[in-house]
1. Kindly establish whether GLY412 is crowded, with 21+ Cβ neighbours inside 10 Å and touching a residue at least 12 places away in the same chain (Cβ under 8 Å).
2. For the stretch 452-489: of the residues being of a type in the set (A, V, I, L, M) and not in a loop (DSSP other than H, G, I, E, B), which is farthest from ILE437 (Cα to Cα)?
3. Quick check on SER449: is it touching a residue at least 12 places away in the same chain (Cβ under 8 Å), within 28 Å of ILE350 (Cβ to Cβ) and either over 15 Å from the mean Cα position of the chain (by Cα) or not in a loop (DSSP other than H, G, I, E, B) (or both)?
4. So LEU405 fits all but one of (1) within 30 Å of ARG86 (Cα to Cα); (2) surrounded by fewer than 18 Cβ atoms within 10 Å (Cβ to Cβ); what number is the exception?
5. Being modelled with pLDDT under 95, of a type outside the set (A, V, I, L, M) and at positive phi is true for just one of GLY399, GLY433, GLY428. Which residue is that?
6. Given LEU715, LEU701, which one is out of contact with any helix residue (DSSP H, G or I) (no Cβ under 8 Å at 6 or more places or on another chain) and over 30 Å from ASN624 (Cβ atoms)?
7. Checking PRO620 against (1) surrounded by fewer than 11 Cβ atoms within 10 Å (Cβ to Cβ); (2) under 30 Å from ILE568 (Cβ atoms), only one condition comes out false. Which one?
8. Could you name every one of the strands (runs of 3 or more DSSP E) located completely within the stretch 356-406 that has at least 1 residues being of a type in the set (S, T, N, Q) and touching a residue at least 12 places away in the same chain (Cβ under 8 Å)?
Amino acid sequence: MKTKLSLLCLVSFALCSAPLALSQVPQGFNYQAIARDGDGNLITDAFDIKFEIQNLAADTVFWIEEHNVTPNEYGLISFVVGQSGRIGGTATNFSDIDWVSRPRYLKTSAKYPGPGYTEMGTTQIWAVPYSLVAKSVETPLEKLDIKGTTTKYDEAIFEVRNNTGQTIFAVYDEGVRIYVDDGAKGVKGGFAIGGFGTDKDASQPYFIVKPDTVRIYIDTPSKGTKGGFAIGGYGSDKTLPQHYLLVSADSIRAYIDSTSAKGVKGGFAIGGFENTKAQGQQYLKVTRDSVRVYLDANPATKAVKGGFAIGGFDVSKGLAPEVLYLKVDTGSIKGGKKEYMQLSSTNTFIGFKAGNLIPVKNPTYNTFIGYESGAKNSSTIPTYNLFIGHAAGNGNTTGTNNVFLGYYSGYGVGPVAHNNVFIGKLSGTETTGSDNIFIGSESGRVNTSGNGNVFLGLSAGRFNIGGYQNLFLGSNAGQENTSGYHNVSMGYSAGNLNQTGNFNIYIGAQAGTQNKKSRNVCIGFQSGFGNQTGHDNLFIGYKSGFSETRSNKLIIDNYYNSGSLPLIWGDFRLSRVVIAGDSLNNLTGYNFFVNGSAAGKTVWTNTSDARLKKNIVTIPDALNKVMQLRGVNYEWIDSSVETGTRMGLIAQEVEKVVPEVVNTNGDYYSMQYAPLNALLIEAIKEQQNQINKQNERLDHLDAETSGLKSQIELLRSELEQMRSQK
């Protein structure tokens, strides 16, 4: 839902650098607005709002603060900008903002419903009566010359007191002292040394002392090699001075003389002293071999503030909020009431509300780094989690052994999610499952109960809800999967649209990208690309099965062109394979079909064991059948099959004589030539029998002819004798 803020009133109390104005001009300005959603309805729920004070070019942001506001029943929000909620900007305090170099602009952003901020608009901040009055104030004093007459070391030559009589600035014979009141001060409270020029630019601060900070400003561009801030020693000779403390643009250095001329006090130390002659108490000591912070562990001499602490202050007399706190009895470093950092031997919490609900000394062995990272984790036993990033692992309460790295990674992870690794913006944001690995921006983002998944890549498995034991590698791989399980998608958008399909393997960019069914294997760029509802397919090769929409198909090819034939095509359900073709080339339905010629260096054998056969009879009337067959020469109408004159039989003619070798299934007849060998064998045998019988008859006739010849010769001889006797 889009959020819209309607500005009712913006009252600005501008700030001024004139001394008289500092005690009168409020630091901040009122802000009121009506919150409405994109439909114009009032927003009455709490939401976050952010303000940024910037220059005209928007390239410098002086102040950033953030609030969580709850509108009233009329959608009205009202508060003061500049008094709390700072989260960034070039100005450390609201009083540090340069209001002289105008114009200044206020940029407003809102987070509703989340997770990111939406910019509401930018408006110029105008001057109002406070600043106009302050501008008119001028200092009449032009020159002041004061000469001291006292010789007492503790009597001031010159003093400046406030309205309560407290000394603020005092000049003594031996030095100058400046006192900073740590009570109720305006935003300009403190001490500052700065420079100024003849132009209208703001003055340049060099040295500032406040109750909560000491700052030394170093302008590097206009400085020579001596630029910086240094504390050193000097003598009467002409040698270079010895540096003790040097602050430059790139470093802060304390010089320690480790020569034998130094005693045991050599080094750099901060300590306390009293008016006794006993040695002073060291608090901070820096030597060549160590850095030490000394804590007095004696409870009789220490108050509740005993230890080492870095904290803030306020105008009340209550305890100051602790930002960094080290105690002797706990051995832990704590982030304090504002929860910026908590460190112990078993936990590391760094960031606003990081590990907010876990006492830092509880041995949970968690590391939470980032704004509200692990904020809801409340475990009291070891959980061994690592959350790094804005709101990383925010919703995890008692889950163990999780690693979340990135903005909102694992943000809404369920209370008992275990053994997950999420790396990347919004990765695994809503996961309640365990044993998952999501690496990549928005990978596994809406996964809830899915377990044992591995998603690597931008938006890989982004919409997976309950699917388990899936492997998605590549940008948008398995992106739409919701409940499918045991799937493997590797490559850009591989298996992208699968939602409920199982046991699929998609390897290659956009392989099986549109398929939503199960048990498919697609290997190669855009393999099975257009198959949406097919299942149990195996496609291997570049664009293999690109336009195949059916199921149970085998396609192995490495080139796709509309109308081209695959190298290998098959049908798992019918147990058929076609070489250099597809089903249209095997209309007769052979289990193995070669669309073209085939050869080999070894014999082609057929199973022919008598033990596998029954009803065995000799082919009858074989010779007569052969005599009815007609061998022909022909040419194929489709020249792509074979060219030139061929030799063979006509299936329709053979069917009338030997129907058992003709296949009439499909649109075209086909026949088996090999079985005709058996027919020819029996025909030859039958013909040979006829020949043998003819030979026997001829032999018999030859014998009879020979006998007749003998009888004829005998008769001829007798006839000759008879003729001779006459």
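1. No: the conditions fail for GLY412.
2. Step by step, filter the stretch 452-489, then rank; the result is VAL488.
3. no
4. Going through (1) within 30 Å of ARG86 (Cα to Cα); (2) surrounded by fewer than 18 Cβ atoms within 10 Å (Cβ to Cβ) one by one, LEU405 breaks only (2).
5. The unique qualifying residue is GLY428.
6. LEU715
7. All conditions are met except number (2).
8. Output list reads 367-369.
The values are calculated or read from the model by the stated rules, or taken from the named source; none is laboratory data. Since this is a predicted model, take the numbers as computed values, not measurements. Counting neighbours? That spans all protein chains shown, and the Cβs are built from the backbone with ideal geometry, glycine included.
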